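**Student:** Here's a structure for you.
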Amino acid sequence: MASKLRVMLFTASCFSASLTAAPDNTLLIRQGYLIPMTVHGEDQPFTDILVRNNQIVKIGKNLVAPDAKVIDARGKYVMPGFVDAHNHLWVTTMRGQFRNKQGKFFPVSNKLAKAMQPDDIWHAMYSGSLELLQSGVTTTGDFFDNIHGPAWGDAGFRALEKSGIRAIMYYGGPDKTTKNMIDLEHLAELEKQSTSRVQLGLGWRVPRDLSSQQNWAMRDEEYRFAVQHKLPIQVHVSGDAHAMFDALIDRHYLSPTLTVVHASDALPQQLNSLQEAGGGLVLTPVSEQRVGYGLTLLDEFKGVERQGLGIDGNALSGGANMFETLRTAALTESGYAKDESLPDPRELLTLATRRSAESIGLGASTGTLEEGKRADIQIINPNTLNMSGFGGGDPAALIVYSAQPTNVETVIVDGRILKADGKLQGVNMEELMRATNASAKGLLERSESQM
Ligand SMILES: [Zn+2]
């Protein structure tokens, strides 16, 4: 309770600037170069988007809306925000601690995880969400597997809510051992507070000991709970990946509500089973290669339709940078295949937007620029040296190979402007840095004193 109170006091004192838009929020994004990322939709130069409240209500030329706040997008790319389909935002305040030979990710993050108090969770997930937003990511699928009690779960949920990002918070257990049952009662409580923007899911794991019937019974109860409550489920398939994937298939857990993460070294028939069951798949090229799962070769997974990309820990991947994720995926594929014609940059952009949204079941609300969808939009300003020298044509390769988060000038989530003129709105950056670094420092000290 004391921890919970601390979180509430902290949030009230340091980040009081409100991001809440007026209920009749109307935006007119004018004359941008639209890259809508729809199935058949072509790019539309010099096109306007009208947003009312949280929805895209009209896309067209020369729209008129006298009551609207106007955003001039001439000479800029207007795209759906990126969808980071898998993250662990609680790891954000462990940046620089994964030192490979001197400290591998799993043992280091497990040790630090135990020292995290609810306000540490809040700082990590809040700053991590803002970092995503700053980079043009408007949705995250956050696999929250460091919940030691209701106050930890509450802190994470509040952080996502406060940041303004769209999220599914996949409520997990206290660690990766799968010995403890997920707190389904608290998950149900939080579910009652969920909104169309911040939803709940189940951060599920298969037993480490695949032969343990007792452990499977526990996992089964969690899975059934999620199905009954219509909550989306994510599960990691890595490590002993073949056996884990087979267990999911044999026990009939593959379904449209389940999204498999990593699926490293998956066999073609296992991916076929996932596709036939209508399940989703998330690949996280930067983190997968960093922890030594092997090369993430997109081509090997092409048979799974519902497929997306994830950051998988801002600190593990280095940053919440979807452009870097796309470049890593692209270079891995062309380098491995010794084929410069691979991959298609536009398909990569689709993977980071529309297909990522579909991979976690949010395709109806986000991932494209379409009338009726939620207004989750990024505006990329190419008028910088790193994007200069582009004479025209399809800008997909320009964005994939040359854009940086600093080119993301405007970010809108659910109709609210969270980044404008290159700056996060309503955030005292100096205070945020101070508080986030203080939390990281305290965490490290406490973790060392616990040894
Ligand atoms: Zn993960």
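The values are calculated or read from the model by the stated rules, or taken from the named source; none is laboratory data. Remember, it's a predicted structure, so these values are computed and weren't measured experimentally. As a convention, Cβ positions derive from the backbone with ideal geometry for all residues, glycine included, and neighbour counts pool all protein chains shown. The accessibility values were calculated without ligands, DNA or RNA, using every heavy atom of the protein model including side chains. Shrake-Rupley method; radii C 1.70, N 1.55, O 1.52, S 1.80 Å.
**Student:** Out of the total accessible area of the chain (probe 1.4 Å, heavy atoms of protein only), what percent is carbon and sulfur?
**Tutor:** The value for the chain is 51 percent carbon and sulfur by accessible area.
**Student:** Ignoring ligands, DNA and RNA, what accessible area per residue does segment 321-360 give at 1.4 Å, in Å²?
**Tutor:** Using a 1.4 Å probe on heavy atoms only, each residue of segment 321-360 averages 41 Å².
**Student:** Which of 243, 139, 126 sits farthest toward the positive end of the charge dipole of segment 82-359, with +1 on the Cβ of Lys and Arg and -1 on the Cβ of Asp and Glu?
**Tutor:** 126
**Student:** Could you check the simple spin-label distance between residue 64 and residue 211, using points 7 Å along Cα→Cβ, in nm with one decimal?
**Tutor:** 7.7 nm
**Student:** Over the chain, with a single point scatterer placed on each C-alpha, what log10 of the ratio I(q)/I(0) does the Debye formula yield at q = 0.08 1/Å?
**Tutor:** The Debye formula, applied to the Cα set alone, gives -0.43.
**Student:** For n ≥ 4 DSSP H runs only, could you compute -39500 (n - 2.57) per run for the chain, divide by its residues and tell me the 222 nm figure to the nearest 500?
**Tutor:** Numbers: 15 runs with 168 residues, N = 451.
Computed ellipticity for the chain at 222 nm equals -11500 deg cm²/dmol.
**Student:** Modelled label-to-label distance, residue 401 and residue 243, 7 Å Cα→beta-carbon offset: nm?
**Tutor:** In this crude spin-label approximation the distance works out to 4.4 nm.
**Student:** Using DSSP, restrict attention to beta bridges with both residues in segment 229-357 and report what percent are antiparallel, rounded to the nearest 5.
**Tutor:** For segment 229-357, the DSSP antiparallel bridge percentage is about 0.
**Student:** Working out 0.36 nm times the residue gap between residue 394 and residue 196, then minus their Cα-Cα distance, what length gain in nm do you get to one decimal?
**Tutor:** Details: separation 198, 0.36 × 198 = 71.28 nm, distance 3.40 nm.
Using 0.36 nm per residue and subtracting the Cα-Cα distance, I get 67.9 nm.
**Student:** Under a point spin-label approximation (7 Å from Cα along Cα-to-Cβ), what is the residue 115-residue 276 distance to one decimal in nm?
**Tutor:** Placing both labels 7 Å along Cα→Cβ, they lie 4.9 nm apart.
**Student:** Assigning unit charges at the beta carbon (Lys, Arg +1; Asp, Glu -1) and nothing else, what dipole magnitude in debye, to the nearest 20, does segment 407-451 show about its Cα centre?
**Tutor:** It works out to roughly 60 debye.
**Student:** For the chain, with the dipole built from +1 on Lys and Arg beta-carbon atoms and -1 on Asp and Glu ones, taken about the Cα centre, which of 193, 59, 284 lies farthest toward the positive end?
**Tutor:** 193
**Student:** Taking amide hydrogens as modeled 1.01 Å from N in the peptide plane, which residues meet the under 5 Å criterion relative to residue 206, leaving out close sequence neighbours?
**Tutor:** 236
**Student:** Whole Å is fine, so just give me how far the alpha carbon centre of segment 49-120 lies from that of segment 195-211.
**Tutor:** 21 Å
**Student:** While we're here: Suppose R0 equals 25 Å; then what is the FRET efficiency for residue 72 and residue 384 from their Cβ-Cβ distance, rounded to the nearest 0.05?
**Tutor:** Using R0 = 25 Å, I get an efficiency of 0.90.
**Student:** Let me ask something else. Could you list the residues of segment 117-135 with an amide nitrogen less than 17 Å from a label point located 7 Å from the Cα of residue 450 in the Cα-to-C-beta direction?
**Tutor:** 117-125
**Student:** Provide the FRET efficiency to the nearest 0.05 for the residue 289-residue 46 pair, computing r from the beta carbons and using R0 = 30 Å.
**Tutor:** Computed FRET efficiency for residue 289 and residue 46 comes out at 0.15.
**Student:** Same structure again: Nearest-5 percent of antiparallel DSSP beta bridges in segment 82-359? Numbers along the way, then the final one.
**Tutor:** On the way: 1 of 30 bridges.
Bridges in segment 82-359 are about 5 percent antiparallel.
**Student:** Could you rank the peptides 107-114, 336-343, 71-78, 128-135 by their average count of other C-beta atoms within 10 Å per residue, with the highest value first?
**Tutor:** Output ranking for 107-114, 336-343, 71-78, 128-135: 128-135, 71-78, 107-114, 336-343.
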